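What follows draws every value from the coordinates through simple rules; no lab data is involved. As the structure is a prediction and not an experimental result, all values here were calculated from the model. Using ideal geometry, Cβ is built from the backbone for each residue, glycine included, and neighbour counts are taken over all protein chains shown.
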Amino acid sequence: MKEITTKLLVIGGGPGGYVAAIRAGQLGVSTVLVEGARLGGTCLTIGCIPSKALIHAAQAFEHARHQAGGSSALGIHVKEPAIDIAQTVKWKDGIVQRLSGGVGGLLRKAGVQVLAGWAHIEDGKTVTVKPAEGEPVRVRCEHLLLATGSEPVELPSMPFGGAIWSSTDALSPGALPRRLVVVGAGYIGLELGIAYRKLGVEVTVVEALQRVLPTYDEELTKPVLDALRKSGVVLHLGCSVLGHDDKQGVHVRNAQADEFALPADRVLVAVGRRPRTQGFGLESLQLDMAGRHVAIDAHCRTSMRGVWAIGDVTGEPMLAHRAMAQGECVAEQIAGRNRRFEPMAIPAVCFTDPEVVVAGRTPAEARAAGIDCLEAAFPFSANGRAMTLEASAGFVRVVARKDNHLILGWQAVGQGVAELAAAFTQSIEMGARLEDIAGTIHAHPTLGEAVQEAALRALGHALHI
């Protein structure tokens, strides 16, 4: 068997793994990266990027349909539009292919050796890689980095296959179903459910809890709930799913123990993701675990010396940008630099319509931590740019300490607010105070003016409300 020796071996070519490999290569660390599927991982190939492409296509189609109905306030009228979903999927796949190829180019530029195959861990210093074709390769390393990501959770009563879709299946439909039932009203279920509704599909959402987007506070999710109902998405909240059959559809039980069936051509199960810890010999390392995920410290070190872990395999928040930051942190430590992974805030975005973005602490989280805080919100209904975008629903909210006005968190809900995430997180990382944001000149007319106005309102002198 052929053997390779390297300083760093990365298992997983997703956002965390490939960033770690690129940065290590830049710093002169000999690096091998192993990936069994396509470079870019879940995020680039079957998650973040393709889902946002589908969401954009759905948004464009809905706009065209709205104008064809003769109800456009802008005075734009077109003939009844049609969509070729096969062409849409082809366009989406083209984006994925270009980005995945770009990752490969960046890895080559950094001097990283990429092995296409599936890794199996023998011990903390030795991994066997089995390619699709050819002989296995044994890789011996000084440092082993686990970046294996996560996978969709199946329901025992509805395993994936046939009419039962995972989020991966929903991103590449052969044809649009007439009726789609979405199980789970978290961000994945609602992002895709809203997109399919905009494509003209009858969408029903079933959620075990009494709220949509239950990990966000209710004030933030209310505009999303209103938009769901206005769009015609049918919601069954506080309901559990019992199973599925091809004749009746999805069998559901509500809080009153009444049972009923929801007709469905396809069922999207989106009840969460779990760390990918099986199938590659991880158990041989006997690492400390924290529930279902690998336990790490502030340096991203596991309980075994020389073994590191980043990204979804280490648990929540399962976000690509968290994995990227952790990957860079690990690479620099292996190169001899002093680094820790202790960010002040990790932004999270839900690409529903309207979008939701959070960074830092919410008012409830600040109060739970015993902090006496100020909070203030500025509505987009008072923002000129939002009006010109026909997107006046939603608001920007700021949370700050009452004693010194140090900003603790930002939240926003509205069209396009995902692009505010960088400003939110930067202000927290740099230790900004309300006065810093209030005194910064914001371009007019932009949605970002609502950020300044929220800070002004917290100080007691908002200008435009």
**Q.** Computed FRET value (nearest 0.05) for GLU154 with GLU283, which takes r as the C-beta separation and R₀ as 22 Å
**A.** 0.60
Q: Using DSSP to define loop residues, name the trypsin sites (Lys or Arg not before Pro) in the stretch 284-333 whose beta-carbon has at most 10 other beta-carbon atoms within 10 Å.
A: ARG305
Q) Any idea what the dipole of the stretch 348-458 comes to, in debye rounded to 20, about its Cα centre with Lys/Arg Cβ at +1 and Asp/Glu Cβ at -1? A) 240 debye
Q: Pull up all non-local amide H partners of ALA376: gap of 5 or more, or a different chain, and H-to-H distance under 5 Å with H placed in the peptide plane.
A: VAL398
Q: Any chance you could check the Cα centroid distance between the stretch 380-418 and the stretch 419-442 for me, in angstrom?
A: 12 Å
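Can you tell me the FRET efficiency between LEU27 and GLU316 if r is taken as the Cβ-Cβ distance and R0 is 35 Å, rounded to the nearest 0.05?
Approximately 0.75, to the nearest 0.05.
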Q: Please give the contour-minus-distance gain from MET387 to GLU435: 0.36 nm per residue of separation, less the Cα-Cα distance, rounded to one decimal in nm.
A: 14.6 nm
Q: Provide Rg and Dmax in Å for the stretch 309-465, with only Cα atoms included in the calculation.
A: 16.7, 53
Q) What does the charge dipole of the chain about its Cα centre add up to, to the nearest 20 debye, if the Cβ of each Lys and Arg holds +1 and the Cβ of each Asp and Glu holds -1? A) 800 debye
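Full extension from ASP226 to LYS2: what is 0.36 nm times the residue separation minus their Cα-Cα distance, to one decimal in nm?
74.6 nm
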(Q) Run the simple label-point estimate for GLU219 and ARG140 please: 7 Å along Cα→C-beta, distance reported in nm. (A) 6.0 nm
Q. Taking the alpha-carbon set of the stretch 288-380, what are its Rg and Dmax in Å?
A. 16.5, 51
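To the nearest 0.05, how large is the calculated FRET efficiency for THR168 and ASN404 if R₀ is 30 Å and r is the Cβ-Cβ distance?
In this case the efficiency is close to 0.05.
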(Q) Taking the Cα centre as origin and putting +1 on Lys and Arg beta-carbons and -1 on Asp and Glu beta-carbons, what dipole magnitude results for the stretch 164-271, to the nearest 20 debye? (A) 300 debye
Q) For labels at LYS125 and ARG253 in the simple 7 Å Cα→Cβ model, what's the distance in nm? A) 5.5 nm
Q: Equivalent ellipsoid semi-axes for the chain, as square roots of 5 times the alpha carbon gyration tensor eigenvalues: give them largest first, rounded to whole Å.
A: 38, 31, 22
Q. From the backbone phi of the stretch 40-45, what are the Karplus-calculated ³J(HN,Hα) couplings (6.51 cos²θ - 1.76 cosθ + 1.60, θ = phi - 60°) in whole Hz, Gly and Pro given as x?
A. x, x, 4, 4, 6, 9
Q) Per residue of the chain, what 222 nm ellipticity follows from adding -39500 (n - 2.57) for every DSSP H run with n ≥ 4, rounded to the nearest 500? A) -9500 deg cm²/dmol
(Q) How far apart, in nanometres, would the label points at GLN87 and GLN426 be if each is projected 7 angstrom from Cα along the Cα-to-Cβ direction? (A) 3.9 nm
Q: Rounded to the nearest Å, what's the spacing between the alpha carbon centres of the stretch 1-38 and the stretch 185-234? Just the number, please.
A: 39 Å
Q: Would you kindly enumerate the cysteines in the chain that have no other Cys beta-carbon under 4.7 Å from their beta-carbon?
A: CYS141, CYS239, CYS300, CYS329, CYS350, CYS373
(Q) Given an 8 Å cut-off on Cα distances and at least 6 residues of separation, report the relative contact order of the chain as a percent. (A) 15 percent
